[in-house]
Amino acid sequence: MKLKRRTTLRAAGVAMGLPMLECMTAAARRATADGVASDDSPTDIRRMVAICAPLGIHTPHLFPEQAGRDYKATPYLEPLQPLREKFSVISGLMHPDVDGGHSAEKSFLTGAAHPGQPSFQNTVSVDQFAAERIGYKTRFGSLTLSANGSSLSYTRSGVQIPAESRPSRLFAKLFLEGTEDEKLMQLRRIQDGQSIMDLVREQTRQVGRASGRADNQTLDQYFTSVRELEQRLVQAAEWSQRPKPQVDRKPPEDINDRADLSGRLSLMYDMIFLAIQTDSTRLITLQGPGGAELVDLKGVDDGWHNLSHHGRDPGKIEMLSIIEKEEMRIFGELLKKLNDVREGEHSLLDQTAILLGSNLGNASAHNNSNLPIIVAGGHYQHGQHLAFDPGSPPPLCNLMVNFLQHLGLEVDQFSSGTGTLTGLA
């Protein structure tokens, strides 16, 4: 069997591309051993939520002057003080070599370098890295959500995953049963996916005979991952036969008015809470709101994006602060709801590691250093301002290693992260 770079295995209308092999090119790729999820008990279910504020967070109103536990609450941290011992604010962090202003939001959960360059190729986001290992445990391996149409989640090949931005459609996906025909169609799609390896099995053997020892090792790893995918498809087939959870809530109505920041963000957080409470997924990302719209809040009479480029104008900063403090208030409501629900010996908040931050450290200057970061939940040592030297900080991806370990994954690195972030565990 002659192997070319774009060789695919084809049968009965399906096609499966091969990984890079030595017999295709001299540059072989070595696979690295990834962590696997540990078994979890029904009362120790770990989750992760990551939220990005695309227009930044004005850090002088977020970061306290003092480091440590005895910090004085800043205006943005005041709405969160009832849960002071359940969150930490972190200053000084950044992604090494991640620049490009707004373009850096592509790398917020991946850490991939130079996202503003034309040749940029993204890498897997931390939620999808985890979903590959534990996503089969829930009906939905992950939820990719957005309040502005963009997405934070990327596949292993760096492809952006489309985000769901309509709460009504998300609610239906989570809780409304489809018709029998719709269920049957979904099951058929799953079964089609399970059959791919059977359809190409003979061609797989032919590829193996035409390959050397190193290539056969690569193929073995590749087809092992495909078989693992099939196992997850089997899990999906089982989920499709189970009834969806019932919630005591009517389907929401979408808020199309972008000026209604409070209503739109609260509604999306409600959906996140319900998804966590019903264990419909354990991995959620949300690209938060933020655009040129004039937000409907008292005292704000300029567009949000224009205000983020305040140029240190006191009037613009005052209006921007009204918007961002409202964001913090609504975020605080989500934390409270999660903290009020018990799951075994812990609260849902304890079991959920939550990241709220931005790819912009100084939105007015399109700066991508000293990023605004809040971490809540996750059984960490909270109640502190964890301050790192902005001149020589650890990479933000170290925090993502913390999150992956919280989920039960045996990993000690992710992207630019080479260990956990000190001061949290």
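The values are calculated or read from the model by the stated rules, or taken from the named source; none is laboratory data. Bear in mind that the values here come from a model prediction, so they are computed numbers and not experimental data. Virtual Cβ from ideal backbone geometry, glycine too; neighbours counted across all protein chains shown.
In this entry, A172 is excluded by the filter for residues that are modelled with pLDDT of 95 or more and in a helix (DSSP H, G or I). When the residues of the range 118-147 are filtered to those that are in a helix (DSSP H, G or I) and of a type in the set (G, A, S), the one that is farthest from L404 (Cα to Cα) is G135. Of the residues examined, G68 is one that is touching a strand residue (DSSP E or B) at 6+ places or on another chain (Cβ under 8 Å), surrounded by fewer than 18 Cβ atoms within 10 Å (Cβ to Cβ), on the phi > 0 side of the Ramachandran plot and modelled with pLDDT of 95 or more.
Given the criterion of a type outside the set (D, E), within 19 Å of the chain's Cα centre (by Cα) and under 18 Å from R169 (Cβ atoms), identify the matching residue among L274, L348, L283.
Numbers: L348 fails: under 18 Å from R169 (Cβ atoms); L283 fails: under 18 Å from R169 (Cβ atoms).
Going through L274, L348, L283 in turn, just one is of a type outside the set (D, E), within 19 Å of the chain's Cα centre (by Cα) and under 18 Å from R169 (Cβ atoms): L274.
Among the residues of the range 85-103, the one identified as touching a Gly at 6+ places or on another chain (Cβ under 6 Å) and either part of a strand (DSSP E or B) or closer than 30 Å to S347 by Cβ (or both) is E85. Count of the range 104-117 residues, restricted to those that are in a helix (DSSP H, G or I) and farther than 12 Å from S151 by Cα, is 1. Screening L349 with (1) touching a strand residue (DSSP E or B) at 6+ places or on another chain (Cβ under 6 Å); (2) under 24 Å from S88 (Cα atoms) gives one miss only, at (1). Restricted to the range 151-160, and to residues there that are assigned to a loop (DSSP other than H, G, I, E, B) and at pLDDT 95 or above, the residue that is surrounded by the most Cβ atoms within 10 Å (Cβ to Cβ) is L152.
Here T418 meets each of (1) within 21 Å of the chain's Cα centre (by Cα); (2) crowded, with 21+ Cβ neighbours inside 10 Å with one exception, condition (2). Please go through the range 73-92 and pick out each residue that is surrounded by fewer than 14 Cβ atoms within 10 Å (Cβ to Cβ) and either within 10 Å of H382 (Cα to Cα) or touching a strand residue (DSSP E or B) at 6+ places or on another chain (Cβ under 8 Å) (or both). E85, the sole residue that qualifies. Looking across the range 265-292, just one residue is within 28 Å of H310 (Cα to Cα), touching a Phe, Trp or Tyr at 6+ places or on another chain (Cβ under 7 Å) and crowded, with 19+ Cβ neighbours inside 10 Å, and that is G290.
Matching residues to (1) touching a residue at least 60 places away in the same chain (Cβ under 8 Å); (2) hydrophobic (A, V, I, L, M, F, W, C):
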site: K250; (1), (2): no, no
site: E253; (1), (2): yes, no
site: L261; (1), (2): yes, yes
site: M271; (1), (2): yes, yes
site: L274; (1), (2): yes, yes
site: T281; (1), (2): yes, no
site: L294; (1), (2): no, yes
site: V300; (1), (2): no, yes
